[in-house]
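See below for the structure under consideration.
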Amino acid sequence: MQESNNQTSLFTELVNNMPHSLLVANRDGQLTFCNKIIEPTFGGSIQKVLNKSWIDKFEIYKVDKSYQYTIEDMPIARAIRGEMLVGEKMRIKSLVNNDEVYTRMCAYPIELES
């Protein structure tokens, strides 16, 4: 039991301190997990968006602003439908604090056993 707790703590520490954002969503599009590096994008706390609708807090475009993503076109929504995306370039503007970030998004489905 102690070894399992140590491994969980190590995993959590690694995920929270990695230099890349990690977001996990359920089939309803609600974020169920985010690591700490994404906090500034959410206005300082990931607790504000976990298990809630988050899409209305952002404007998300292709990098050149030629296209604003719809909810159905979002990489996370496409992954939930079974599509795998690698290197999708995006410009994300937070409507919470007006910060903008340019990112390259990867998204893919993960099937968990019941």
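The values are calculated or read from the model by the stated rules, or taken from the named source; none is laboratory data. Because the structure is predicted, anything quoted here is derived from the model rather than measured. Virtual Cβ from ideal backbone geometry, glycine too; neighbours counted across all protein chains shown.
For Lys62, the test of being within 14 Å of the chain's Cα centre (by Cα), among the basic types (Lys, Arg) and surrounded by 12 or more Cβ atoms within 10 Å (Cβ to Cβ) is failed.
For the range 65-80, name all the residues that are free of Cβ contacts under 8 Å to residues at least 12 places away in the same chain and out of contact with any strand residue (DSSP E or B) (no Cβ under 8 Å at 6 or more places or on another chain). Explain how you work it out, then say what you get.
Let us first name the residues in the range 65-80 that are free of Cβ contacts under 8 Å to residues at least 12 places away in the same chain, namely 66-68, 70, 72-73.
Result: Ser66, Thr70, Glu72, Asp73.
Taken over the range 16-28, the residue count meeting the criterion of being out of contact with any Phe, Trp or Tyr (no Cβ under 8 Å at 6 or more places or on another chain) and free of Cβ contacts under 8 Å to residues at least 60 places away in the same chain is 9. If you go through the range 20-48 and keep only what is modelled with pLDDT under 80, closer than 18 Å to Ala79 by Cβ and part of a loop (DSSP other than H, G, I, E, B), you end up with Asn26, Arg27, Asp28, Gly29, Gln30.
Within the range 2-19, the residues that satisfy the criterion of being surrounded by 10 or more Cβ atoms within 10 Å (Cβ to Cβ) and either of a type in the set (D, E, K, R) or not in a helix (DSSP H, G or I) (or both) are Glu13, Met18.
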